[in-house]
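Structure first, commentary second.
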Amino acid sequence: MNLFETFQVIGRIVALGVFLVERPKDGVNKKEEVKKMVFDFLDDFNIRLPIPDIVLDYVLDFMIDNLVDFLNQTLWKKQAA
């Protein structure tokens, strides 16, 4: 699996994780749960990325925040009262 394919898989895990942990409030803990899912997946399948975990952690923050922002503006958008 090359780096591009790996990030595609990670993106899918992030998307799945965001939907699995969705509940009102508790954003920081939900983000940590999703990041743990990704790191556990990488460990379970012995996938080693050529970047340090701290960089991956930053990338995951970016991916999760952007996905949640997108979902908040579209799928999870609350209708105006």
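The values are calculated or read from the model by the stated rules, or taken from the named source; none is laboratory data. Keep in mind that what you see is a predicted model, and the values were worked out from it rather than measured. Don't worry about glycine lacking a Cβ; one is built from the backbone with ideal geometry, like all the others, and counts go over all protein chains shown. We work out accessible area using only protein heavy atoms, side chains counted, and drop any ligands, DNA or RNA first. Shrake-Rupley method; radii C 1.70, N 1.55, O 1.52, S 1.80 Å.
Looking at segment 6-23, can you tell me whether even one residue there is assigned to a helix (DSSP H, G or I), of a type in the set (Lys, Arg) and surrounded by 15 or more Cβ atoms within 10 Å (Cβ to Cβ)?
Within segment 6-23, not a single residue is assigned to a helix (DSSP H, G or I), of a type in the set (Lys, Arg) and surrounded by 15 or more Cβ atoms within 10 Å (Cβ to Cβ).
Can you name the number of the only condition in (1) modelled with pLDDT under 90; (2) open to solvent by less than 40 Å² (accessible area, probe 1.4 Å); (3) assigned to a helix (DSSP H, G or I) that residue 28 fails?
Among (1) modelled with pLDDT under 90; (2) open to solvent by less than 40 Å² (accessible area, probe 1.4 Å); (3) assigned to a helix (DSSP H, G or I), residue 28 violates only (2).
Restricting the search to segment 28-45, which residues are without any contact (Cβ under 8 Å) to a residue 24 or more places away in the chain and over 19 Å from residue 4 (Cβ atoms)?
28, 29, 30, 32, 33, 36, 39, 40, 43, 44
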